[in-house]
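First up is the structure itself, then whatever we jot down about it.
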Amino acid sequence: MTPTPEEMTRLAAFPSPGLRGVLIQGVNGGWGDENGSSRGLSGPADLMWLLANRAAADAILVSADTAVRENYRPIALRPEFVHARESHELHGLPLLVIVTRTRTKVTRALEIADLVVTCGEPSDDERVLVAGGETIDWPVAVARLNERGLVRLVCEGGPQLIDALISARFLDQLALTTSPMAANTVNSCEALRDFVSTTTAQRLFETDGFSFAMLGSIPSWEQRLSRQELFVLRHHGTEPAFSAEYEKKPAPGYYVCRACGNRLFDASDQFDARCGWPAFWQPSSGDKVKLIEDRSLGMRRVEVRCAACESHLGHVFHGEGFGYPTDDRYCINAICLERRY
C-alpha cells in the first residue's frame, strides 16, 4: 500500500539544507530510457515518491533535454501535498531550475523555468546563473542558488546530471526507486554506480512492484556547524560583544547566512553602531529575513531570523536616531554571517 501524502512528505523532508537526487533504477540495474531520463519508468507509486520530494524542496533541478522531452512546466503541487508542505513551514511553490551547458538552449529553458544554471559568458538576465567557463562549477552554482534562499534542492535530472553532482560531492542523499521493469540503458555513470554500491541504504517500503530506499544522509545541524555556531544560530544564543572582527564601514561585498548561504545583508548598508556587533540599517531584501516577537529574558524585542533556514541572527531595534532611511539597527551576531565579494 502506498503511504499517505503526509507520510511520504515526512520521509522526504530535509532535516537541514541539502541536495537530494531522485532516480528510478530498472530491475537490470540500468537507468531510465535511451536518453538517460530518470523518469522513463514512472508508475503510480513512483509518481507519489516524486511528488513528495518536490513537496519538501525549495527548488527542483532538471536538465534542459529532460525538461523539453518530458514536457516540464512550472512546479505545481497537489492540494494534499500543499498541506503537508505547510506542516513543515515551507510556503509557496518550489522553483523549477533548468541546467544546461549549452548557451543556445538558455532561451528555450527560460520559457519553462524560473531559473537557468549554465556556463560561459555572463548574462544580462538575472534569472540566468552563470557558473563556470566551459563546464558548470557546481560549488559556485549551488552557492548562487543558496543565496537566493533556495537551500533544499531536489535533482530530478537524469543519471548524468546526478553523477556530476556526486562527483562534485554536492549530492547528500539519493531517493532511489527500483522498478520491476527493465531499463533501456545500463548504468554508465561511475560516480553514481559507486555511490549506490557503497552508501548505506535505508529501505523504506515496497508497493506495486516498486521498492523505495534512501541512500546517504543529509548532515544534521550538529554536523554542519561548530559548537559556538550551533549555540547562536540554532539555539538562539548571543556571542560576547566586541568578540569578532568585522568591517565597520561600507565596503564592497555582501553577507550570507553561515548556516545555509542565504544572502542577508549588503556591506554597503552596514554602519558602525559602536554596539559590539555588526549593524545594518536594512536587509538585502525584505524576504531574506523573518522578524519574530521575542519576550525572552524579561524584555520585549524583535528577533531576526534567516528566512531560508530559520536560524537565529540577532535583533532589530527601531528609532535610535542613527540617521539612516529606515531608522532601524539590525544588530547581528558576526558568527552568523559569512562575507562574500
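The values are calculated or read from the model by the stated rules, or taken from the named source; none is laboratory data. For clarity, every value in this text was computed on a predicted model and none was experimentally measured. Glycine gets a Cβ as well: all are built from the backbone with ideal geometry, and neighbour counts include every protein chain shown.
When you scan the stretch 94-118, how many residues do you find that are crowded, with 20+ Cβ neighbours inside 10 Å and touching a Gly at 6+ places or on another chain (Cβ under 6 Å)? Result for the stretch 94-118: 0.
Within the stretch 94-105, the set of residues being in contact (Cβ under 8 Å) with a residue 40 or more places away in the chain and over 20 Å from ALA55 (Cα atoms) comprises VAL99, LYS105. Considering the stretch 167-187 alone, what residues qualify as being touching a residue at least 60 places away in the same chain (Cβ under 8 Å) and within 23 Å of GLN223 (Cα to Cα)? The answer is PHE170, LEU171, ASP172, GLN173, LEU174, ALA175. Taken over the stretch 280-301, the criterion of being of a type in the set (A, V, I, L, M) and more than 23 Å from LEU230 (Cβ to Cβ) is satisfied by MET299 alone. From (1) free of Cβ contacts under 8 Å to residues at least 12 places away in the same chain; (2) touching a helix residue (DSSP H, G or I) at 6+ places or on another chain (Cβ under 8 Å); (3) not acidic (Asp, Glu), pick out the condition that doesn't hold for PHE212. Here PHE212 clears every test but (1). Return the residue satisfying two criteria in turn: it lies in the stretch 65-84 and is of a type in the set (A, V, I, L, M, F, W, C) and part of a loop (DSSP other than H, G, I, E, B), and of such residues it is farthest from LEU115 (Cα to Cα). The qualifying residue farthest from LEU115 (Cα to Cα) is LEU77. Yes or no: VAL154 β-branched (Val, Ile, Thr) and buried (at least 23 other Cβ atoms within 10 Å of the Cβ)? So VAL154 fits the description; yes.
Regarding ASP208, is this residue of a type in the set (Asp, Glu) and within 21 Å of the chain's Cα centre (by Cα)? No.
I'm checking my understanding of the structure. Among residues of the stretch 291-308 that are at pLDDT below 95 and not aliphatic (A, V, I, L, M), which one is farthest from GLY261 (Cα to Cα)? My answer is GLY298. The residues of the stretch 59-114 that are β-branched (Val, Ile, Thr), touching a Ser or Thr at 6+ places or on another chain (Cβ under 7 Å) and at pLDDT below 90 amount to a single one, THR66.
Residues are listed down the side, and each one gets a yes or a no for (1) outside any strand (DSSP E or B); (2) modelled with pLDDT of 95 or more; (3) buried (at least 16 other Cβ atoms within 10 Å of the Cβ); (4) touching an Asp or Glu at 6+ places or on another chain (Cβ under 8 Å):
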site	(1), (2), (3), (4)
LEU192	yes, no, yes, yes
PHE205	no, no, yes, no
LEU215	no, yes, yes, no
GLU229	yes, yes, yes, no
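Considering the stretch 258-341, the qualifying strands (runs of 3 or more DSSP E), each wholly inside and each with 2 or more residues that are within 28 Å of ALA57 (Cα to Cα) and touching a residue at least 12 places away in the same chain (Cβ under 8 Å), run over 263-266, 289-294, 301-306, 312-318, 337-340. Would you say SER243 is farther than 20 Å from ASP328 by Cα and either hydrophobic (A, V, I, L, M, F, W, C) or over 20 Å from the mean Cα position of the chain (by Cα) (or both)? Yes. If the requirement is being within 20 Å of ALA57 (Cα to Cα) and of a type in the set (A, V, I, L, M, F, W, C), which of these qualifies: ILE98, ILE136? Result of the check over ILE98, ILE136: ILE98.
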